[in-house]
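Heads up, the thing below is written out as structure tokens.
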Amino acid sequence: MLKATNESMARINENKIDKGIEGVNMKLDELKGQKENLEEQVALQKQEMELATKKIALLNEEKKVYNQQKKALWDKGAAPNEFISVDSLLGGINCKITEQSKRVKILNRSVADTEEQVLSINSQRNFLSTKIRENYNAQEIFSEFTQEEESKIKKQIDVIDKKISALNGNVNSLNSDIANLDSEVKGKKEQEQKNKASKNRLQLD
């Protein structure tokens, strides 16, 4: 009975708890890998954003130079055709600034979205870690339950053993009484036979 209980509890632990913890650990590893990939992605995007911001700063510095040149042309009353070159340069720089600014906005949104995903993964990992702790607590509960059952069964076995010992004692006592009774009966029969033999001798005399 004790062996059967232990085997039953072992099967419960293996099928319901250990596999559950194993599955959660696998999911935790998977989420850890996803988090690391996202964090690398965020780091790269931030580097790109920093580079794009620096390009914008340099383009703005260059734009200042061309604006100064254009102002000088205005100040001296230059002909319209003299503005063609500087206007073309300023137009090209403005396009580049707009392009890099859009790039920064896109990267900024992407970084925010990715960081949200990281937060979500952290939340999932915390939830699953709690589940693991609960499963380990369940293991402890099953272990305590098994110990309690073992203790109960041992006590039951002790009671049965005592009853068997008491029965064995009664049987031994009964056997002893029967043996004594047989001995008494046998002694009486022998005495009766002796008495008969003695009477028979007297009659012959």
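General remarks:
- Cross-linked pairs K27/K155; K105/K131; K32/K105: Cα-Cα separations exceed 32 Å for K27/K155; K105/K131.
- Highest average first, the peptides 44-53, 71-80 ordered by how many other beta carbon atoms sit within 10 Å of their residues are 44-53, 71-80.
- Charges were assigned to the Cβ only: +1 to each Lys and Arg, -1 to each Asp and Glu. The resulting dipole of the range 21-123 about its Cα centre is roughly 680 debye.
- Beyond 23 Å in Cα-Cα separation lie none of the pairs K54/K102; K54/K96; K55/K102; K64/K102; K64/K96; every one falls at or below that value.
Values in this text are rule-based calculations from the coordinates and carry no lab data. Everything numeric here is computed off the predicted structure, so don't read it as measured data. Methodologically, a virtual Cβ is constructed for each residue, glycine included, from the backbone with ideal geometry; neighbour enumeration extends over all protein chains shown.
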